[in-house]
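Before any comments, here is the structure.
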Amino acid sequence: MSPKMRRLMVVAIASSLAFGFTSVHALPGPTACMFVGVAGLHVLPDGSLTDSPSPDEQERYVRLTLESRERIANTFGEPKAKPVLVYFSRPDGFGPFKLNAFGSTQFIGPHTCVMIGPAGQSIDVVAHELMHAEIHERAGFWSRFMKIPTWFDEGLAMQVDFRPKYLLAAEDAHGLDEVRHLTSFSSFFSGGEQVIISHYAKARVLVANWVERVGRAAVYQQLHQLRYGQSFAEAIE
């Protein structure tokens, strides 16, 4: 190998390592999704993954996944999405990846990962995150990213999430349509904890009104129309 080729190889390796180091710290969720297959996790009978070696915990995770999918099926019909589902036991994530201790759903093109931490191991949180994966599956990556506003994405996931703190208080029932302006992730999740809880609660009601209008059995079909060219306004509103 010539000296020039050796220099190019060294530069390429250094760049790759720098990118990996930066991604782990700046984008831990997407990076964890990309490299979860080489993270040395335990594979459960249903195909989900965990860092926990405990047979009791592994059995609980399998049962939790089944019950969460059943909630989605009972609400909208049998789910089709098959995301990589990871349960991790440490509040700061697994391996070098620092993740949300509750749960998050990550999208790398058509590839989807649902990461559930120790604070989110409930049917409400798992069903919520799996519903995000279902929206992605039905609408398609591009349509979900380009057409679906965050308030609708979160509001639809809230239809299978029954946590009491996200019930809309009577004093907050005014101004529901203001939530429609929260089209981006950054706008929806701006403000303090109580403001964000209010965003969730209002989005939940707004989308529930839409679901009641079109019927639960039609929700997947409405999402599917986005994949084939319809705008959000045409398919949803």
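The values are calculated or read from the model by the stated rules, or taken from the named source; none is laboratory data. The structure displayed is predicted, hence computed values, not measured ones. Heads up, the Cβs are rebuilt from the backbone with ideal geometry, glycines too, and the neighbour counts pull from every protein chain shown. Note: areas computed on protein heavy atoms with side chains; ligands, DNA, RNA excluded. Shrake-Rupley method; radii C 1.70, N 1.55, O 1.52, S 1.80 Å.
Here are a few things to note about the model shown:
- Among the candidates PHE145, PHE141, PHE107, residue that is surrounded by fewer than 19 Cβ atoms within 10 Å (Cβ to Cβ), farther than 23 Å from ARG163 by Cβ and touching a His at 6+ places or on another chain (Cβ under 7 Å): PHE107
- Counted residues, the stretch 205-231 - those being surrounded by 14 or more Cβ atoms within 10 Å (Cβ to Cβ), out of contact with any Leu (no Cβ under 7 Å at 6 or more places or on another chain) and in contact (Cβ under 8 Å) with a residue 12 or more places away in the chain: 10
- Unmet criterion (only one of (1) under 18 Å from TYR220 (Cα atoms); (2) touching a residue at least 60 places away in the same chain (Cβ under 8 Å); (3) not in a helix (DSSP H, G or I); (4) not β-branched (Val, Ile, Thr)) for ARG144: (3)
- Residue in the stretch 149-157 that is touching a residue at least 12 places away in the same chain (Cβ under 8 Å) and in contact with a Lys or Arg (Cβ under 7 Å, 6 or more places away or on another chain) present: yes
- In the stretch 72-104, the qualifying residues are those that are over 30 Å from GLY215 (Cβ atoms) and of a type in the set (Lys, Arg), and the one that is least open to solvent (accessible area, probe 1.4 Å) is ARG90.
- Hits in the stretch 61-86 - residues which are touching a Lys or Arg at 6+ places or on another chain (Cβ under 9 Å) and not in a helix (DSSP H, G or I): GLY77, GLU78, PRO79, LYS80, ALA81
- Selection of the stretch 129-168 for residues being over 14 Å from GLY229 (Cα atoms) and in contact with a Gly (Cβ under 9 Å, 6 or more places away or on another chain) yields only GLU129.
- Filtered residue count, the stretch 82-102, keeping only those that are under 13 Å from SER48 (Cβ atoms) and under 14 Å from the mean Cα position of the chain (by Cα): 6
- Test for SER198: is it surrounded by fewer than 16 Cβ atoms within 10 Å (Cβ to Cβ) and under 21 Å from SER104 (Cβ atoms): no
- Residues being outside any helix (DSSP H, G or I), out of contact with any Pro (no Cβ under 6 Å at 6 or more places or on another chain) and β-branched (Val, Ile, Thr) - total across the stretch 109-141: 1
- Residue ID - nearest to the chain's Cα centre (by Cα), chosen from residues in the stretch 29-60 that are of a type in the set (S, T, N, Q) and in a helix (DSSP H, G or I): THR31
- Within the stretch 108-126, the set of residues being without any contact (Cβ under 8 Å) to a residue 60 or more places away in the chain and hydrophobic (A, V, I, L, M, F, W, C) comprises VAL114, ILE116, ALA119, ILE123, VAL125.
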